[in-house]
Amino acid sequence: MKKKSLRQLIFYKYYTQYQNGHGQSRHKDKQEGLDMSRIYSTRTYETYRQQGRRFADWCASQNIKTLKAARAAVPLYLSKMIESGNYSAWTISTAAAALGKLFQVDYRTFGVELPKRRRADITRSRLTTDNDKHISDSRREGYARLLRCVGLRRREAEKVRGTDLFVRDG
(Lines give C-alpha, C1' and ligand atoms only; values in the text may rest on other atoms or scores of the structure.)
Protein backbone atom coordinates (compact mmCIF):
# COMPACT_ATOMS: atom_id res chain seq x y z
CA MET A 1 0.00 0.00 0.00
CA LYS A 2 1.39 3.36 -1.06
CA LYS A 3 1.96 6.01 1.60
CA LYS A 4 -0.34 9.04 1.23
CA SER A 5 1.12 12.40 0.37
CA LEU A 6 0.71 15.36 2.72
CA ARG A 7 -1.83 16.87 0.34
CA GLN A 8 -3.90 13.68 0.39
CA LEU A 9 -3.73 13.56 4.20
CA ILE A 10 -4.90 17.17 4.43
CA PHE A 11 -7.74 16.59 1.98
CA TYR A 12 -8.77 13.46 3.87
CA LYS A 13 -8.85 15.31 7.22
CA TYR A 14 -11.00 18.08 5.76
CA TYR A 15 -13.29 15.56 4.09
CA THR A 16 -13.73 13.62 7.32
CA GLN A 17 -14.51 16.82 9.22
CA TYR A 18 -17.05 17.78 6.54
CA GLN A 19 -18.68 14.32 6.63
CA ASN A 20 -18.95 14.51 10.43
CA GLY A 21 -20.34 18.05 10.47
CA HIS A 22 -22.53 18.39 7.38
CA GLY A 23 -26.18 18.31 8.41
CA GLN A 24 -25.37 18.54 12.12
CA SER A 25 -26.38 21.34 14.47
CA ARG A 26 -23.39 23.63 14.85
CA HIS A 27 -25.00 25.30 17.86
CA LYS A 28 -25.40 21.97 19.65
CA ASP A 29 -21.85 20.93 18.74
CA LYS A 30 -20.46 24.21 20.11
CA GLN A 31 -22.20 23.57 23.40
CA GLU A 32 -20.69 20.09 23.51
CA GLY A 33 -17.23 21.28 22.39
CA LEU A 34 -17.24 19.35 19.11
CA ASP A 35 -17.21 22.28 16.69
CA MET A 36 -13.41 22.37 16.28
CA SER A 37 -13.46 18.91 14.71
CA ARG A 38 -16.26 19.49 12.20
CA ILE A 39 -17.00 21.49 9.06
CA TYR A 40 -20.69 22.28 8.58
CA SER A 41 -20.92 24.19 5.32
CA THR A 42 -20.12 23.00 1.81
CA ARG A 43 -18.68 26.41 0.95
CA THR A 44 -16.44 26.36 4.02
CA TYR A 45 -15.26 22.88 3.09
CA GLU A 46 -14.37 24.05 -0.43
CA THR A 47 -12.58 27.14 0.88
CA TYR A 48 -10.61 25.22 3.51
CA ARG A 49 -9.69 22.55 1.00
CA GLN A 50 -8.33 25.25 -1.33
CA GLN A 51 -6.32 26.74 1.54
CA GLY A 52 -5.12 23.24 2.47
CA ARG A 53 -3.90 22.69 -1.09
CA ARG A 54 -1.98 25.97 -0.98
CA PHE A 55 -0.44 24.99 2.36
CA ALA A 56 0.44 21.48 1.11
CA ASP A 57 2.17 22.98 -1.94
CA TRP A 58 4.17 25.30 0.31
CA CYS A 59 5.09 22.37 2.58
CA ALA A 60 6.27 20.39 -0.45
CA SER A 61 8.51 23.31 -1.45
CA GLN A 62 9.96 23.26 2.10
CA ASN A 63 10.40 19.46 2.01
CA ILE A 64 7.84 18.95 4.80
CA LYS A 65 6.18 15.55 4.47
CA THR A 66 4.32 14.76 7.69
CA LEU A 67 1.33 16.34 9.42
CA LYS A 68 3.36 16.72 12.61
CA ALA A 69 6.08 18.68 10.81
CA ALA A 70 3.42 20.64 8.92
CA ARG A 71 1.76 21.63 12.20
CA ALA A 72 5.08 22.98 13.48
CA ALA A 73 5.55 24.95 10.24
CA VAL A 74 2.20 26.79 10.34
CA PRO A 75 3.56 29.91 12.10
CA LEU A 76 6.34 30.20 9.52
CA TYR A 77 3.83 29.74 6.67
CA LEU A 78 1.52 32.46 8.00
CA SER A 79 4.48 34.78 8.63
CA LYS A 80 5.68 34.26 5.04
CA MET A 81 2.19 35.08 3.75
CA ILE A 82 2.18 38.32 5.75
CA GLU A 83 5.74 39.30 4.78
CA SER A 84 5.20 38.65 1.07
CA GLY A 85 2.59 41.39 0.79
CA ASN A 86 0.81 39.34 -1.88
CA TYR A 87 -2.14 38.37 0.31
CA SER A 88 -4.93 40.45 1.80
CA ALA A 89 -5.70 40.37 5.51
CA TRP A 90 -8.84 38.40 4.67
CA THR A 91 -6.92 35.72 2.78
CA ILE A 92 -4.41 35.35 5.61
CA SER A 93 -7.21 35.12 8.19
CA THR A 94 -8.95 32.47 6.08
CA ALA A 95 -5.71 30.49 5.82
CA ALA A 96 -5.22 30.69 9.59
CA ALA A 97 -8.80 29.55 10.23
CA ALA A 98 -8.47 26.69 7.74
CA LEU A 99 -5.22 25.50 9.30
CA GLY A 100 -6.69 25.84 12.78
CA LYS A 101 -9.57 23.61 11.69
CA LEU A 102 -7.15 21.15 10.08
CA PHE A 103 -5.20 20.74 13.31
CA GLN A 104 -8.31 21.22 15.50
CA VAL A 105 -6.94 24.19 17.42
CA ASP A 106 -7.85 27.84 17.68
CA TYR A 107 -5.83 29.76 15.09
CA ARG A 108 -4.53 32.09 17.83
CA THR A 109 -2.46 29.21 19.22
CA PHE A 110 -0.17 29.55 16.19
CA GLY A 111 1.28 32.67 17.84
CA VAL A 112 1.21 34.85 14.72
CA GLU A 113 -0.23 38.35 14.87
CA LEU A 114 -2.57 38.50 11.87
CA PRO A 115 -2.99 41.78 10.02
CA LYS A 116 -6.08 43.81 10.85
CA ARG A 117 -8.89 43.64 8.30
CA ARG A 118 -9.94 47.11 7.22
CA ARG A 119 -12.80 47.91 4.90
CA ALA A 120 -10.71 50.52 3.10
CA ASP A 121 -8.31 47.79 1.96
CA ILE A 122 -10.94 45.91 -0.04
CA THR A 123 -10.26 45.87 -3.77
CA ARG A 124 -13.06 44.75 -6.04
CA SER A 125 -12.46 43.77 -9.63
CA ARG A 126 -8.76 44.35 -9.94
CA LEU A 127 -9.28 44.22 -13.69
CA THR A 128 -12.09 45.61 -15.83
CA THR A 129 -15.02 43.19 -15.89
CA ASP A 130 -17.92 42.79 -18.30
CA ASN A 131 -20.15 44.53 -15.73
CA ASP A 132 -17.94 47.62 -15.91
CA LYS A 133 -17.82 48.09 -19.69
CA HIS A 134 -21.27 49.59 -20.29
CA ILE A 135 -21.11 52.35 -17.65
CA SER A 136 -18.89 55.41 -17.23
CA ASP A 137 -16.66 55.78 -14.18
CA SER A 138 -18.53 58.84 -12.89
CA ARG A 139 -21.94 57.15 -13.19
CA ARG A 140 -20.65 53.97 -11.56
CA GLU A 141 -19.27 56.00 -8.64
CA GLY A 142 -22.66 57.69 -8.24
CA TYR A 143 -24.43 54.33 -8.13
CA ALA A 144 -21.86 52.97 -5.70
CA ARG A 145 -22.38 55.97 -3.39
CA LEU A 146 -26.16 55.51 -3.52
CA LEU A 147 -25.92 51.79 -2.75
CA ARG A 148 -23.56 52.41 0.18
CA CYS A 149 -26.00 54.98 1.58
CA VAL A 150 -29.04 52.71 1.40
CA GLY A 151 -27.12 49.54 2.23
CA LEU A 152 -27.96 47.50 -0.86
CA ARG A 153 -25.70 45.16 -2.76
CA ARG A 154 -25.69 45.25 -6.55
CA ARG A 155 -27.83 42.11 -6.94
CA GLU A 156 -30.34 43.49 -4.44
CA ALA A 157 -30.47 46.85 -6.22
CA GLU A 158 -31.16 45.12 -9.56
CA LYS A 159 -34.39 43.73 -8.11
CA VAL A 160 -35.71 47.10 -6.88
CA ARG A 161 -38.67 48.42 -8.91
CA GLY A 162 -40.36 51.81 -8.93
CA THR A 163 -43.27 50.37 -7.01
CA ASP A 164 -40.88 49.49 -4.17
CA LEU A 165 -40.04 53.16 -3.62
CA PHE A 166 -42.07 55.62 -1.57
CA VAL A 167 -41.67 59.16 -0.25
CA ARG A 168 -41.55 59.55 3.51
CA ASP A 169 -42.53 62.86 5.17
CA GLY A 170 -43.28 64.89 2.11
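Looking at Arg108, Arg71, which is the one that is open to solvent by less than 80 Å² (accessible area, probe 1.4 Å), closer than 28 Å to Thr16 by Cβ and not in a loop (DSSP other than H, G, I, E, B)? Even if it seems obvious, please write down each step before you answer.
Numbers: Arg108 fails: open to solvent by less than 80 Å² (accessible area, probe 1.4 Å).
None of the other options fit; the residue is Arg71.
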Discussion item. Need pairs with beta-carbon distance below 6 Å; first residue under 22 Å from Arg54 (Cβ atoms) and within region 8-33, second surrounded by 12 or more Cβ atoms within 10 Å (Cβ to Cβ) and acidic (Asp, Glu); sequence gap 6+ or separate chains.
Written reply: none
Worksheet item: Does Ala56 satisfy the condition of being in a helix (DSSP H, G or I), out of contact with any Cys (no Cβ under 7 Å at 6 or more places or on another chain), loosely packed, with under 14 Cβ neighbours inside 10 Å and hydrophobic (A, V, I, L, M, F, W, C)?
Response: no
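Have a look at Ser136, Ser84 and point out the one that is among the hydroxyl-bearing types (Ser, Thr, Tyr) and modelled with pLDDT of 90 or more. Can you show your working first?
Details: Ser136 fails: modelled with pLDDT of 90 or more.
Going through Ser136, Ser84 in turn, the sole match is Ser84.
For region 1-46, how many residues are buried (at least 16 other Cβ atoms within 10 Å of the Cβ) and either within 22 Å of Val74 (Cβ to Cβ) or of a type in the set (Asp, Glu) (or both)?
Step one: filter region 1-46 for residues buried (at least 16 other Cβ atoms within 10 Å of the Cβ), giving 6, 9-11, 13-14, 17-18, 21, 29, 35, 38-40, 44-45.
From the residues that got through so far, the ones that are either within 22 Å of Val74 (Cβ to Cβ) or of a type in the set (Asp, Glu) (or both) too are 6, 9-11, 13-14, 17-18, 21, 29, 35, 38-39, 44-45.
The qualifying residues number 15.
What number of residues within region 31-68 satisfy the criterion of being among the small types (Gly, Ala, Ser), within 18 Å of Thr16 (Cα to Cα) and more than 14 Å from the chain's Cα centre (by Cα)?
Result for region 31-68: 3.
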Worksheet item: Which ones in region 1-19 are in a helix (DSSP H, G or I) and over 12 Å from Lys101 (Cβ atoms)?
Response: Leu6, Arg7, Gln8, Leu9, Phe11, Tyr12, Tyr15, Gln19
Item to complete: Would you mind telling me which numbered condition in (1) surrounded by 10 or more Cβ atoms within 10 Å (Cβ to Cβ); (2) on the phi < 0 side of the Ramachandran plot; (3) modelled with pLDDT of 85 or more Ala144 fails?
Response: (3)
Discussion item. One residue is enough: does region 96-103 have a residue meeting the conditions surrounded by fewer than 19 Cβ atoms within 10 Å (Cβ to Cβ), out of contact with any Asp or Glu (no Cβ under 9 Å at 6 or more places or on another chain) and assigned to a helix (DSSP H, G or I)?
Written reply: yes
Discussion item. Of everything in region 111-131, what is modelled with pLDDT of 75 or more, assigned to a loop (DSSP other than H, G, I, E, B) and open to solvent by 100 Å² or more (accessible area, probe 1.4 Å)? Give them in sequence order.
Written reply: Glu113, Lys116, Arg117, Arg118
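The values are calculated or read from the model by the stated rules, or taken from the named source; none is laboratory data. Predicted model, so just to flag it, every value in this text is computed and none were measured. Glycine gets a Cβ as well: all are built from the backbone with ideal geometry, and neighbour counts include every protein chain shown. Heavy atoms of the whole protein, side chains included, go into the accessibility calculation; ligands, DNA and RNA do not. Shrake-Rupley method; radii C 1.70, N 1.55, O 1.52, S 1.80 Å.
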